[in-house]
Amino acid sequence: MTFDDVSQVAFSASRFGVFTAFNFVAGGRHEYAVQMRGKVRVAKGMTVTALLTEACNWQTVTGWVDHATGRIVGVPPIWVSRCAGLLFCALFVSIALLGTTFRGAGPFAIGMDIAFGLPALIAIIRWRSDGQVWHRLDALRSGLKLPSTIGE
């Protein structure tokens, strides 16, 4: 898809990260308030292949491949998600082992396990979903015969 016109590009930050919101026209179709994760470059004339969760619903865009650069945009590099998942897993295991070693299987140790287990589980789920999106976009990029960008 080629963006015929792009307007109102805005970057916002929250506790969930940085997002880019924008409007665009492509093929006579107007799309409003599209949001992408990260600080994304969006320009008139840009050609992208997007991955949408729901067909024709740009509110569900999960990422895209920029045809000019071959970069995958909207999804953090896979190594970032892997590092976060591994870090939270290691933290969970160490807290669980320390809790049961020094406190036994009492309510305090169980509470610590739950308190650190949930963030670890969320990080692992995020790692898996980001990895699935990344691999789909990488397959699209390979099918389009676009170059892979260094550092991804």
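The values are calculated or read from the model by the stated rules, or taken from the named source; none is laboratory data. Predicted model only: the values in this text are computed from it and were never measured. FYI the Cβ positions are ideal-geometry reconstructions off the backbone, even for glycines, and counts take in every protein chain you see.
Considering only residues of region 14-59 that are hydroxyl-bearing (Ser, Thr, Tyr) and within 20 Å of the chain's Cα centre (by Cα), which is farthest from His135 (Cα to Cα)?
Per the criteria, the residue is Ser14.
Farther than 30 Å from Leu118 by Cα, under 17 Å from the mean Cα position of the chain (by Cα) and either free of Cβ contacts under 8 Å to residues at least 12 places away in the same chain or part of a strand (DSSP E or B) (or both): is that true of Thr62 in this structure?
Answer is no for this residue.
With respect to the numbered conditions (1) closer than 27 Å to Ala120 by Cβ; (2) buried (at least 16 other Cβ atoms within 10 Å of the Cβ); (3) aliphatic (A, V, I, L, M); (4) touching a strand residue (DSSP E or B) at 6+ places or on another chain (Cβ under 7 Å), which one is the sole condition not fulfilled by Val18?
(2)
At pLDDT 75 or above, hydrophobic (A, V, I, L, M, F, W, C), under 30 Å from Ala50 (Cα atoms) and in contact with a helix residue (DSSP H, G or I) (Cβ under 9 Å, 6 or more places away or on another chain) - does that describe any residue in region 142-150?
Going through region 142-150, the residues at pLDDT 75 or above turn out to be 142-143.
Still in the running and hydrophobic (A, V, I, L, M, F, W, C): none.
Checked region 142-150: no residue is at pLDDT 75 or above, hydrophobic (A, V, I, L, M, F, W, C), under 30 Å from Ala50 (Cα atoms) and in contact with a helix residue (DSSP H, G or I) (Cβ under 9 Å, 6 or more places away or on another chain).
Of all residues in region 14-51, how many are in a loop (DSSP other than H, G, I, E, B) and of a type in the set (Lys, Arg)? Give the steps one after another, and end with the answer.
From region 14-51, those in a loop (DSSP other than H, G, I, E, B) are 15-16, 27-28, 38-46; that's our starting set.
Cutting the leftovers down to of a type in the set (Lys, Arg) gives us 15, 39, 41, 44.
Qualifying residue count for the region: 4.
Which one of these is surrounded by 12 or more Cβ atoms within 10 Å (Cβ to Cβ), within 22 Å of Arg126 (Cα to Cα) and of a type in the set (A, V, I, L, M, F, W, C): Val42, Val75, Val25? Give the steps one after another, and end with the answer.
On the way: Val42 fails: within 22 Å of Arg126 (Cα to Cα); Val25 fails: within 22 Å of Arg126 (Cα to Cα).
Result of the check over Val42, Val75, Val25: Val75.
Before we move on, is Phe11 surrounded by 16 or more Cβ atoms within 10 Å (Cβ to Cβ), within 18 Å of the chain's Cα centre (by Cα) and in a strand (DSSP E or B)?
Answer is no for this residue.
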